[in-house]
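Quick notes on the structure that follows.
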Amino acid sequence: MSDVRYPFTAIVGMADLRLGLLLNAVSPAVGGVLVRGEKGTAKSTMVRALAGLLPSLAAVDGCRFACDPSAPDPQCPDGPHLDAGSHRRPSELVELPVGVAEDRIVGSLDLERALAEGVKAYEPGLLAKAHRGVLYIDEVNLLQDHVVDLLLDAAAMGRSYVEREGVSVRHAARFLLVGTMNPEEGELRPQLLDRFGLTVEIAATRDPVERAEVVRRRLAYDADPAGFAARFAEDERALAERITAARELLPKVELNDVALRQITAVCAAFEVDGLRADIVMARTAVALAAWDGRTEVLEEDVRKAARLALPHRRRRNPFDAPGLDEEQLDRTLEEHAQPADDAGEPEGEGGGEGQTEGDGDGPEDDGPGPDGGPGGGPDGGGAPEPSDAGPEASAATDTEQPAQQPVPAQHPAPARESAPVAAGDPYRTRLFTVQGTGHGAQGRRSPAETSGGHTVRARRPQGTLSRLHLTATLQAAAPHQAARGRTGRALVLHKDDFREQVRQGRESNLVLFVVDASGSMAARQRMTAVKGAVLSLLMDAYQRRDKIGMITFRGADAELALPPTSSVEVGAARLESLPTGGRTPLAAGLLRAHEVLRVERLRDPSRRPLLVVVTDGRATGGRDALARSQRAAALFAAQGTASVVLDCESGPVRLGLARTLAGLLGGTAVSLDELRPEGVASLVRENRPSTMRKAA
């Protein structure tokens, strides 16, 4: 890999990302930027390229925390810096690995030396290295929540704190925070999303000409990095000078009352929680004005600031996609503009809106819809007509198609498939946990030994001592003080005396859904209730930081509809579009789940699985279909896999097949009514032989 960075100005397209990064370079107080986008969209390339544009900085000689010689940190662990020399160095780009430990981020204290020698030995972490530079977190959504929270706290306060058993160190940590993520791999919690100042959604361009230019430039860079960078050196220099000029102009920019009123009105209109959005929008609007070389904030600055600062703060539940209603934004800005502008704008803007509606809803657009839908549906031909009619005609065709399905009698299989039905409203569910104590990633589901939680015992250190158990350490050292020749008040400690805390908290699990999508589940009201139940369990998995996967079975086979992921949004989308119909290959669904769990155990041995089978227990597809499903269930019982069967059987006559299946799995059967905490007073299982424990 070349040491020559790809030039920022050589990147094609992605104007919003470019602007978001540059605004943070002008004013780090904006709060960083979160870059959301699909894989392979040059997110990392652009962030790394930005670091090369930042101005160099003056630092105190010998200071590990890059203190500014003109205003050194009075609490700097390497201080005080009296009459110290200085030097200039480029801004630092610090990349945070996904599996980074907390001590690597904030730094570590040598507790053994602190207790035995009274020396405060502190080794700085990545936050100290990133001070006055850029902290880049690739795949921020894959970090543990407490690590992300720690990073965002430091970014917001501009200071890092290290507390270990009464020993405290603090230092300045002001940096430009940039996080990238692929939403398909899981979302950040809304509380953490809110801590990022700006967010930008990016996707690869679909224009063949632009894509060709991206490939052309990348190949040229790979062939000769230095020569390619030289081609853009002048553009890079000009952009760096503009950043410096905008930084100098920033303190002179005035945020007038009209612009401030528009900012607060927009945040109120979009029902944004808290006041952080108002502050971020104000800082962003000021940075936009400085970037354009102005000393006054205009309405256009407020509009751009809203588009960058509000979309990720609009989510009301984990299944909502970030977004912003542009029409509502324009209306709010217009209502709170200056009186002079209010008098002149409605007429012009009203005409614009009228033209937009005419362009989009005119006869040319309305005509092909009805013609193209019925005309193309029955005979299956006419491919150009749906293309010309656009998405509205396609939607009309999809709506009318079920009524026309019985006509082609030569295709019986599609006729038996029911169109997807909407899920019922999600609700709070009972908590299902895995029995025993695990060692998986920190979460909120099953008991586990974690870095957080409450202390349950002490043990000898396993590796570097990080969580000292002071009482146990003193108890281990006390009997040996006379033999060690203790004479003063201080204890004589040896390495073998030290004990560390063992803490018990909760871990996240892999919740694998196996959903029956056969004809027996196809009744519309029944499937709506079933989907609502699964959606509720998905919501519960999101809140407990679980990974999820989904297998569906219908017809002749089972399908892995969603490989294990942290993205419950994708799971909800797969569930919403799930069709039903055909036979019930229950054995195929269970065997596919067994294979998925086998592979996941190899990938992540510490993450314990929880199997959730959604079925009425029926099995068809041969004489021995039921027997094969029972043998498949026995595989999970033999491995001790925690399992729950969501019994979807309804009606006055019930066969109890789902509850029989639960017994074979070694798990518990729960009806749709029992899934709600208020549905049944209790489901006592202490006396049942089960590998899974459930608590309300």
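The values are calculated or read from the model by the stated rules, or taken from the named source; none is laboratory data. Quantities reported herein were computed from a predicted structural model and do not represent experimental measurements. When we count neighbours, we look across all protein chains shown, and the Cβ atoms used for this are built from the backbone with ideal geometry, even at glycine. Ligands, DNA and RNA are stripped out before the accessible areas are found, and what is left, the full protein with its side chains, is counted by its heavy atoms. Shrake-Rupley method; radii C 1.70, N 1.55, O 1.52, S 1.80 Å.
Observations on the structure shown:
- Filtering VAL280, VAL214 for residues that are of a type outside the set (Ser, Thr, Tyr), out of contact with any Pro (no Cβ under 6 Å at 6 or more places or on another chain) and under 21 Å from GLY32 (Cα atoms) leaves a single hit, VAL280.
Conditions (1) of a type in the set (D, E, K, R); (2) farther than 19 Å from ALA573 by Cα; (3) over 31 Å from the mean Cα position of the chain (by Cα); (4) at pLDDT below 85, marked per residue:
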site: HIS439; (1), (2), (3), (4): no, yes, no, no
site: PRO461; (1), (2), (3), (4): no, yes, yes, no
site: LEU470; (1), (2), (3), (4): no, yes, yes, yes
site: HIS494; (1), (2), (3), (4): no, yes, yes, no
site: PHE498; (1), (2), (3), (4): no, yes, yes, no
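- Candidate set from region 278-316 (those that are outside any helix (DSSP H, G or I) and within 16 Å of GLU327 (Cα to Cα)); member that is modelled with the highest pLDDT: LEU310
- From the list LEU126, LEU135, the lone residue that is buried (at least 24 other Cβ atoms within 10 Å of the Cβ) and either at pLDDT 85 or above or over 17 Å from LEU93 (Cβ atoms) (or both) is LEU135.
- For ASP292, the conditions (1) in contact (Cβ under 8 Å) with a residue 60 or more places away in the chain; (2) over 32 Å from the mean Cα position of the chain (by Cα); (3) under 17 Å from ALA15 (Cα atoms) all hold with the exception of (1).
- Matching option when the condition is open to solvent by less than 60 Å² (accessible area, probe 1.4 Å) and under 30 Å from GLU300 (Cβ atoms), among LEU249, LEU275, LEU260: LEU249
- When residues of region 529-562 are limited to those that are out of contact with any strand residue (DSSP E or B) (no Cβ under 6 Å at 6 or more places or on another chain) and open to solvent by 40 Å² or more (accessible area, probe 1.4 Å), the one modelled with the lowest pLDDT: GLN543
- Condition check for CYS67 on (1) touching an Asp or Glu at 6+ places or on another chain (Cβ under 8 Å); (2) free of Cβ contacts under 8 Å to residues at least 12 places away in the same chain; (3) not acidic (Asp, Glu): one failure, at (2).
- Selection status of VAL596, open to solvent by less than 20 Å² (accessible area, probe 1.4 Å) and assigned to a helix (DSSP H, G or I): yes
- Condition check for ALA478: among the hydrophobic types (A, V, I, L, M, F, W, C), modelled with pLDDT of 85 or more and not in a loop (DSSP other than H, G, I, E, B): yes
- Considering ALA637, ALA633, the condition of being modelled with pLDDT of 85 or more, open to solvent by 20 Å² or more (accessible area, probe 1.4 Å) and in a helix (DSSP H, G or I) is satisfied by ALA637 alone.
- Qualifying residue in region 208-225 (condition: assigned to a loop (DSSP other than H, G, I, E, B), surrounded by 20 or more Cβ atoms within 10 Å (Cβ to Cβ) and out of contact with any Phe, Trp or Tyr (no Cβ under 7 Å at 6 or more places or on another chain)): no
- The residue pairs whose first member lies in region 534-558 and is farther than 13 Å from LEU512 by Cα and in contact (Cβ under 8 Å) with a residue 12 or more places away in the chain, whose second member is part of a helix (DSSP H, G or I) and among the charged types (D, E, K, R), and whose beta carbons are closer than 8 Å, counting only pairs six or more residues apart or on different chains, are ARG545/ASP145; PHE553/ARG592; ALA558/ARG592.
- One residue from VAL614, VAL568 being in contact (Cβ under 8 Å) with a residue 12 or more places away in the chain, open to solvent by less than 10 Å² (accessible area, probe 1.4 Å) and under 18 Å from VAL670 (Cβ atoms): VAL614
- Region 445-470, residues that are assigned to a strand (DSSP E or B) and surrounded by 16 or more Cβ atoms within 10 Å (Cβ to Cβ): ARG445, SER446, PRO447, ALA448, GLU449, THR450, ALA458, LEU468
For (1) of a type outside the set (D, E, K, R); (2) in contact with a strand residue (DSSP E or B) (Cβ under 6 Å, 6 or more places away or on another chain); (3) more than 24 Å from THR41 (Cβ to Cβ), each residue gets a yes or a no:
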position: VAL215; (1), (2), (3): yes, no, no
position: ARG218; (1), (2), (3): no, no, no
position: ASP222; (1), (2), (3): no, no, no
position: GLU236; (1), (2), (3): no, no, no
position: ARG242; (1), (2), (3): no, no, yes
position: LYS252; (1), (2), (3): no, no, yes
position: ASP257; (1), (2), (3): no, no, yes
position: ARG261; (1), (2), (3): no, no, yes
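- When region 189-207 is filtered for residues that are of a type in the set (S, T, N, Q) and buried (at least 18 other Cβ atoms within 10 Å of the Cβ), only THR199 remains.
- Residue in region 170-182 that is at pLDDT 80 or above, touching a helix residue (DSSP H, G or I) at 6+ places or on another chain (Cβ under 6 Å), farther than 30 Å from GLU123 by Cα and surrounded by fewer than 21 Cβ atoms within 10 Å (Cβ to Cβ) present: no
- Candidates ARG654, ARG607, ARG601: the one that is over 19 Å from ARG526 (Cα atoms), in a loop (DSSP other than H, G, I, E, B) and either out of contact with any Asp or Glu (no Cβ under 9 Å at 6 or more places or on another chain) or open to solvent by 10 Å² or more (accessible area, probe 1.4 Å) (or both) is ARG607.
- Hey, ALA282 touching a helix residue (DSSP H, G or I) at 6+ places or on another chain (Cβ under 8 Å), farther than 28 Å from ALA49 by Cα, of a type in the set (Gly, Ala, Ser) and surrounded by 16 or more Cβ atoms within 10 Å (Cβ to Cβ) or not: no
- Criterion applied to GLY13, GLY62, GLY37 was being in contact with a Lys or Arg (Cβ under 9 Å, 6 or more places away or on another chain), of a type in the set (Gly, Ala, Ser) and either at pLDDT below 90 or more than 23 Å from LEU288 (Cβ to Cβ) (or both), and the one residue passing it is GLY37.
- Selection within region 1-40 - under 20 Å from LEU188 (Cα atoms) and among the β-branched types (Val, Ile, Thr): VAL30, VAL33, VAL35
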